[in-house]
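Taking it in order: structure first as structure tokens, then the write-up.
The values are calculated or read from the model by the stated rules, or taken from the named source; none is laboratory data. Since the structure is predicted, the reported quantities are computational estimates derived from the model, not experimental observations. Every residue, glycine as well, gets a Cβ built from its backbone with ideal geometry; the counts of neighbours run over all protein chains shown.
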Ligand SMILES: [Zn+2]
């Protein structure tokens, strides 16, 4: 267990916070610090063809050790951390044999990680937890994933009796600002399919995510002295308000879960003359996603119809842009890649928890770039904040899952039951 802890700590103590306001890739220079270390480490453990691009994308190969043909598969994670919370001077704390009580992260600032609030903690009683000191995030998202992939590759290199095909490893910058897949060279990677090791609790296996779009809606108004405004003023603030009221009341993030979609108004600013409303649209169902976009057009048209005579032109302009799509469409035709991961988990005594992601992953973008890419747990909880923690046992299980997936992929029919021939 100690080598995993040491490796993980060597990564999280390097600040790799990404920055959405930066136009460069990687978005922050400091991401190179960990990237360069990872290149050296991959070479040291014996990986082949270790490359790093001018944008800090790392790729490496573990050659096949069998004669027969096996599909090339890949494992991917990201080394940046979220700009939502500081990732500088991370001081990990190790809680051995966790007793199920409150964990004081920072006595001076009275910051406590409590199972009364974070109930998930209780399933890790008796395990070893790595937490923050309450002043930073931890960076288990996704340095746990990197730890697991490197450890699994090292294990396979040291255990040549485990038979596997060619395995590719990919580490990316800037996932947390939505750009992790942007400069990922799928052709160079050369895998038939891959897995991001970027999920949360042990057992998570995800291959469905939202279809996503963002809308910017501009309302134009007419400012007139309020004392003499009758029949003349058009207050764009009030029209934006009408627009919001025309959206479904219950279909908002705080009222939805599972497969429910939503509209989420996240920015509203304006004056009488002009108001800009920004919202995002999310739905797992492609059909409902399209319907939601249609609703935006319908409300826009309705308001325009009402005011067009008075104003002389359209007063509402809606610009809707698709952001990403549900990877299910790309993964379902190759469903065995999910079945292999589920079987691998069961074989190492992890119960697969298959559920839809209420967001997107790098894997969903990669799936649409030709690399089907479900997401597997990396083990951490409470990402992007000071309560982030990871049980070492969960990381250990993720290592075992990676090794088992490599092993199953080299078996006839991937070790999956062959469907019975119809009579
Ligand atoms: Zn992540």
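Consider segment 337-361. How many of its residues are within 16 Å of the ligand (Cβ to nearest atom) and either over 24 Å from residue 261 (Cα atoms) or in contact with a strand residue (DSSP E or B) (Cβ under 6 Å, 6 or more places away or on another chain) (or both)? The qualifying residues number 3. Of the strands (runs of 3 or more DSSP E) entirely within segment 29-129, those holding at least 2 residues that are within 16 Å of the ligand (Cβ to nearest atom), under 30 Å from residue 190 (Cα atoms) and in contact with a helix residue (DSSP H, G or I) (Cβ under 9 Å, 6 or more places away or on another chain) occupy 73-78.
Here segment 159-175 is the region considered, the condition is being within 16 Å of the ligand (Cβ to nearest atom) and not in a strand (DSSP E or B), and the residue that is nearest to residue 62 (Cα to Cα) is 173. When segment 386-423 is filtered for residues that are part of a loop (DSSP other than H, G, I, E, B) and either modelled with pLDDT of 95 or more or within 30 Å of residue 64 (Cβ to Cβ) (or both), the ones remaining, listed by number, are 386, 387, 388, 410, 411, 416, 417, 418, 419. Name the residues in segment 67-82 that are closer than 12 Å to residue 167 by Cα and surrounded by fewer than 21 Cβ atoms within 10 Å (Cβ to Cβ), would you? Result: 70, 71, 72. Among the conditions (1) in a strand (DSSP E or B); (2) out of contact with any helix residue (DSSP H, G or I) (no Cβ under 9 Å at 6 or more places or on another chain), the only one that residue 188 does not satisfy is (1).
Under the condition of being outside any helix (DSSP H, G or I) and free of Cβ contacts under 8 Å to residues at least 40 places away in the same chain, the residues counted in segment 327-343 number 1. Give the residue, chosen from 320, 316, that is closer than 19 Å to residue 288 by Cβ and in the same structural domain as residue 290 (by TED's automatic domain parsing). Sole residue among the options that is closer than 19 Å to residue 288 by Cβ and in the same structural domain as residue 290 (by TED's automatic domain parsing): 320.
If you go through segment 132-156 and pick out every residue that is at negative phi, surrounded by fewer than 23 Cβ atoms within 10 Å (Cβ to Cβ) and in contact with a strand residue (DSSP E or B) (Cβ under 7 Å, 6 or more places away or on another chain), you end up with 3. Within the bounds of segment 269-291, is there any residue that is on the phi < 0 side of the Ramachandran plot, in a helix (DSSP H, G or I), at pLDDT 95 or above and surrounded by 19 or more Cβ atoms within 10 Å (Cβ to Cβ)? Yes: one or more hits. Mind checking which residues of segment 1-28 are exposed (fewer than 14 other Cβ atoms within 10 Å of the Cβ), farther than 30 Å from residue 159 by Cβ and in contact with a helix residue (DSSP H, G or I) (Cβ under 8 Å, 6 or more places away or on another chain)? Correct list: 20 only.
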